[in-house]
Amino acid sequence: LCVDQSGSMATSVVYASIFAAVMASLPVVATKLVCFDTAILDLTEELSDPVDVLFGVQLGGGTDINQAIAYCEDKIERPTKSHLVLITDLYEGGNAAELVRRSARLIGLGVNVIILLALSDEGRPGYDSQLAGVMAAMGAPVFACTPDQFPDLMACALRRDDVHDWAAQQDIKLIRHDEAEQTGG
């Protein structure tokens, strides 16, 4: 899990941290938790204690998604067995063009890249619609979900089922590649 810890993502960070700690307790899944703003905080070693994870998060600051994805890319050992769940509003303060290239490369290698725009009770995020459309055009599922949907999402992802189909069955609005054109973003 790669989680944007900028101020606008506070609720998502809390939920993602709790879910990461739960996932880390499963012996069949090797879970890593990376939180970021303009700096990267790898909380993987803290996952045995959800309280330590929550106290390790420092909300605020800018956002460098590309740098965080580069860090995660270095941690991936078996791309076709890896899932990268990026939880962010996609407001990139770093190099957006490199973020797109890097993400496309990961998808091409077989990494199951999923982009959650929010993990909140409301499930209604504010996000960069243009970058969301670009990421969706590469084949990455891009959407928001509520915490009660997250375990089913992860089960779907771990089975390598079609996340797009799962989201549609849950009546979750997926971002389409043409959304940027529709919204003028």
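Just one of the numbered conditions (1) open to solvent by 30 Å² or more (accessible area, probe 1.4 Å); (2) part of a loop (DSSP other than H, G, I, E, B) is not true of Thr63: (1).
For segment 69-78, a residue qualifies if it is in contact with a helix residue (DSSP H, G or I) (Cβ under 9 Å, 6 or more places away or on another chain) and not in a loop (DSSP other than H, G, I, E, B), and the qualifying residues are Ile69, Ala70, Cys72, Glu73, Lys75.
Taking (1) assigned to a loop (DSSP other than H, G, I, E, B); (2) closer than 18 Å to Leu119 by Cα; (3) more than 15 Å from the chain's Cα centre (by Cα) in turn, Lys32 satisfies each apart from (3).
For segment 1-44, which positions are over 19 Å from Ser82 (Cβ atoms) and among the small types (Gly, Ala, Ser)? Matches in segment 1-44: Ser6, Gly7, Ser8, Ala10, Ser12, Ser17, Ala21, Ser25, Ala39. Whenever a residue of segment 108-127 is more than 20 Å from Asp165 (Cα to Cα), its partners that are at pLDDT below 80, lying with C-beta atoms within less than 8 angstrom and at least six residues away or across chains, give the pairs Gly126/Ser8.
Yes/no per residue for (1) of a type in the set (A, V, I, L, M, F, W, C); (2) closer than 23 Å to Ser17 by Cα:
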| residue | (1), (2) |
| --- | --- |
| Ala70 | yes, yes |
| Glu77 | no, yes |
| Thr80 | no, no |
| Glu92 | no, yes |
| Ala96 | yes, no |
| Leu99 | yes, no |
| Arg102 | no, no |
| Arg105 | no, no |
| Gly110 | no, no |
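Every condition in (1) modelled with pLDDT of 95 or more; (2) in a loop (DSSP other than H, G, I, E, B); (3) open to solvent by 40 Å² or more (accessible area, probe 1.4 Å) is met by His177 except one, and the failing one is (1). Among the residues examined, Asp148 does not qualify as of a type in the set (Asp, Glu), touching a Phe, Trp or Tyr at 6+ places or on another chain (Cβ under 6 Å) and in a loop (DSSP other than H, G, I, E, B). Residue-level check: of (1) out of contact with any strand residue (DSSP E or B) (no Cβ under 9 Å at 6 or more places or on another chain); (2) part of a loop (DSSP other than H, G, I, E, B); (3) open to solvent by less than 50 Å² (accessible area, probe 1.4 Å); (4) not polar (S, T, N, Q), Ala10 misses just (2).
Every condition in (1) open to solvent by 40 Å² or more (accessible area, probe 1.4 Å); (2) in contact with a helix residue (DSSP H, G or I) (Cβ under 6 Å, 6 or more places away or on another chain); (3) part of a loop (DSSP other than H, G, I, E, B); (4) over 21 Å from Val113 (Cβ atoms) is met by Pro27 except one, and the failing one is (2).
Condition check: free of Cβ contacts under 8 Å to residues at least 24 places away in the same chain, of a type in the set (D, E, K, R) and either over 12 Å from Cys2 (Cβ atoms) or open to solvent by 50 Å² or more (accessible area, probe 1.4 Å) (or both). Does Asp52 satisfy that? Here the answer is yes, as Asp52 does meet what is asked. Starting from residues that are assigned to a loop (DSSP other than H, G, I, E, B) and β-branched (Val, Ile, Thr), keep the ones in segment 79-125 and report whichever is nearest to Met154 (Cα to Cα). Looking at the filtered set, the residue picked out is Val111.
The values are calculated or read from the model by the stated rules, or taken from the named source; none is laboratory data. Nothing here was measured: the structure is a model prediction, and the numbers come from that model. In this analysis, Cβ positions are derived from the backbone assuming ideal geometry, glycine residues included, and neighbour counts consider all displayed protein chains. SASA here: full protein model, heavy atoms, side chains in, ligands and nucleic acids out. Shrake-Rupley method; radii C 1.70, N 1.55, O 1.52, S 1.80 Å.
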